[in-house]
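Bear in mind these aren't lab numbers, they're just calculated from the coordinates by the rules spelled out. Predicted model only: the values in this text are computed from it and were never measured. As a convention, Cβ positions derive from the backbone with ideal geometry for all residues, glycine included, and neighbour counts pool all protein chains shown.
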């Protein structure tokens, strides 16, 4: 069976998305965004434990590539801290958030 050109591609990200990991995540997302078929790419962030401002850049870059190709990026199961980060960076209108995770999901505990 061939994937439908109308089917969305869903990818789950996990761990930390920060200065150290952002370049590798960016490379992977751009490769996927450049070749993905279907109307949208859905990134599930439920298992992202931490994200800082550096972690937003791969998402912004993937969104740009997808838009150039007539496609869109949607973020699913976004933790409240990541939503706050997106808003603080002035990117609230950039991403389509499918749902916000309940409190505690995707949040790293600090000793």
Here the FRET efficiency for residue 11 versus residue 92, based on Cβ atoms and R0 = 25 Å and rounded to 0.05, is 0.70
In nm, the gap between the two label points placed 7 Å beyond Cα toward Cβ at residue 20 and residue 64 is 2.6 nm
Burial-style ranking of 13-22, 71-80, 48-57, average other-beta-carbon count within 10 Å with highest first, yields 71-80, 48-57, 13-22
The answer for the per residue Cα convex hull volume of region 9-97, in Å³, is 77 Å³
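Taking 0.36 nm per residue of sequence separation and subtracting the Cα-Cα distance, how much length would be gained by fully extending the chain between residue 49 and residue 84, in nm to one decimal?
Details: separation 35, 0.36 × 35 = 12.60 nm, distance 1.45 nm.
In short, 11.1 nm is gained.
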